[in-house]
Amino acid sequence: MLRGNETDFSLGRSGDVCVHRLSYITSKTYNMKSRFTILSASLLLAVLFTACATKPGYTVTGTAEGTVDGDTVYLSSMQGFFQFVPEDTAIVKDGEFKFTGEIDGAALRFIVPTHKGSAQGFGMAQILLENADIHVEIFSEQSGKEAVVTSTGENYVLLKEFEQLDSTYNARITPYWEKVNAGNDSTAESVAAQAAIDKLTAERRQAVYDFMVNYIPSGFSDLLLLYEYPNFEPEMQKAVLDAFAKHKAETPNYLSIVNAQKAAAATAEGESYTDIEMADPTGRKIKVSDYVGKNKYTLIDFWASWCGPCRAEMPNVVAAYDKFHSKGLEIVGVSLDNDGAAWRKAIKDLHMPWPQMSDLKGWESEGAAAYNVTAIPANVLVDQKGVIIAKDLREEALHAKLTELLGE
């Protein structure tokens with residue numbers, strides 16, 4: 001809830017971890033098991049794609065129902081699960097707001113209007129920020145109207161084509177989901193409906209793959225890769241990456257997947273750890289290597305002050321530190337925070353006495369990238385020789401492993 005002059009863009013969780021989830025692919029609402037359609041009353045998440053634009057710089061103009069001159073409108077990114085991070089601000093003047101700048105490629109952004117620091121009651125708009133002219137009309141939550149976004153960006157032709165493809169499959173799959181949800185999973189009708197869903201899902205997967213490959217090396221294909229790659233079978237994953245490589249596509253999401261695979265291989269159990277250097281809460285630069293050789297075991301612990309599951313797990317980590325620190329355990333916290341004050345406060349509130357580091361880049365943390373961390377809490381246990389011996393130890397598993405290594 002927003003209070004006083006705070007501007008809180010929410011934080012969230014998925015199950016018992018905070019997941020790096022920038023957006024959802026969606027075309028319309030249906031209350032079923034679908035990985036590509038999730039909507040909320042105040043936030044319509046749409047498919048957005050990047051594309052090359054010839055016009056230098058972007059201009060985003062618009063209006064927000066309920067704002068008055070002097071109010072602040074935020075241009076925000078989404079990091080984590082519905083955690084909005086302001087990147088720029090505009091002041092409402094003569095009833096309108098305006099952002100200008102330049103961007104390399106394109107990126108998903110949200111326009112969030114506020115009044116006296118509060119976003120309560122306002123709608124918001126999701127846009128594709130690219131070097132183009134973009135206009136936004138935002139309505140109040142009470143109106144029930146969706147934001148209207150227009151753009152001169154080149155991606156919208158591909159966007160509309162893909163929306164048609166996606167909506168076609170949604171329409172075909174929906175009746176079968178209704179049968180599955182309404183019946184008993186063991187009935188012949190439910191079994192047949194599930195089989196039809198599986199068949200259509202496979203067809204859609206192939207159609208999306210073909211669409212993606214046809215438009216490589218466009219930004220459209222690159223962003224589609226971000227969402228669809230996890231849904232592909234291993235052979236299809238390899239084929240699509242090979243297709244990007246063949247076209248020498250230096251696109252961000254393709255490179256991110258390739259680099260993540262390299263990081264995952266380099267930080268697997270049995271491999272030597274990757275050193276990280278960042279600032280501690282006082283601003284002093286420290287390295288993980290400052291501690292590894294000095295202790296029998298070092299736990300590299302990835303967390304963030306905004307991550308609910310991290311905070312829930314932290315008493316367990318503190319208990320492990322209290323029990324095993326004198327026996328040779330050190331912990332180095334790597335925070336995926338953006339806000340330095342919130343980070344330092346959480347360290348104090350959660351009673352974390354071990355060394356901490358952060359570059360305050362959120363999910364763009366270089367430390368997270370080095371270890372391919374896409375969900376937190378996460379950790380890596382390293383021995384005195386620098387060899388990774390375990391990963392993602394939580395709850396009792398953390399204590400069991402440390403007891404095995406260091407004794408009761």
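The values are calculated or read from the model by the stated rules, or taken from the named source; none is laboratory data. The structure presented is a predicted model; accordingly, all values stated were derived computationally and were not measured. Positions of Cβ are backbone-derived with ideal geometry, glycine not excepted, and every protein chain shown enters the neighbour counts.
For segment 126-146, enumerate the residues that are closer than 15 Å to THR63 by Cα, touching a Phe, Trp or Tyr at 6+ places or on another chain (Cβ under 7 Å) and not β-branched (Val, Ile, Thr).
Passing the criteria: GLN126, SER140, GLU141, LYS145.
A quick yes/no check of all residues on (1) in contact (Cβ under 8 Å) with a residue 12 or more places away in the chain; (2) among the aromatic types (Phe, Trp, Tyr); (3) crowded, with 20+ Cβ neighbours inside 10 Å:
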position	(1), (2), (3)
PRO252	yes, no, no
LEU255	no, no, no
VAL258	yes, no, no
ALA265	no, no, no
ALA268	yes, no, no
SER272	yes, no, no
TYR297	yes, yes, yes
ALA304	yes, no, yes
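Condition first: within 12 Å of VAL60 (Cβ to Cβ), among the aliphatic types (A, V, I, L, M) and over 18 Å from the mean Cα position of the chain (by Cα). Now tell me which residues in segment 87-113 satisfy that.
Correct list: ALA90, ILE103.
Those residues that are β-branched (Val, Ile, Thr) and either more than 17 Å from ALA106 (Cβ to Cβ) or surrounded by 17 or more Cβ atoms within 10 Å (Cβ to Cβ) (or both), I need them from segment 147-166; list them, please.
Selection gives VAL148, VAL149.
Can you pull out every residue in segment 89-139 that is touching a strand residue (DSSP E or B) at 6+ places or on another chain (Cβ under 6 Å), part of a strand (DSSP E or B) and among the hydroxyl-bearing types (Ser, Thr, Tyr)?
Result: THR89, THR100.
Exactly one condition in (1) among the hydrophobic types (A, V, I, L, M, F, W, C); (2) modelled with pLDDT of 95 or more; (3) touching a helix residue (DSSP H, G or I) at 6+ places or on another chain (Cβ under 7 Å); (4) not in a helix (DSSP H, G or I) is false for LEU200; which is it?
Tallying (1) among the hydrophobic types (A, V, I, L, M, F, W, C); (2) modelled with pLDDT of 95 or more; (3) touching a helix residue (DSSP H, G or I) at 6+ places or on another chain (Cβ under 7 Å); (4) not in a helix (DSSP H, G or I), LEU200 fails exactly one: (4).
Those residues that are of a type in the set (A, V, I, L, M) and crowded, with 16+ Cβ neighbours inside 10 Å, I need them from segment 167-199; list them, please.
Matches in segment 167-199: ILE173, VAL180, ALA193, ALA196, ILE197.
Can you give me the number of residues within segment 69-88 that are within 29 Å of THR374 (Cα to Cα) and part of a strand (DSSP E or B)?
Residues flagged as within 29 Å of THR374 (Cα to Cα) and part of a strand (DSSP E or B) within segment 69-88 amount to 12.
One residue is enough: does segment 371-382 have a residue meeting the conditions out of contact with any strand residue (DSSP E or B) (no Cβ under 6 Å at 6 or more places or on another chain), more than 29 Å from GLN79 (Cα to Cα) and not in a strand (DSSP E or B)?
no
State all residues of segment 301-343 that are in contact with a helix residue (DSSP H, G or I) (Cβ under 8 Å, 6 or more places away or on another chain) and aliphatic (A, V, I, L, M); if no residue qualifies, say none.
Across segment 301-343, the qualifying residues are ALA304, VAL317, ALA319, ALA320, LEU329, ILE331, VAL332, VAL334, LEU336.
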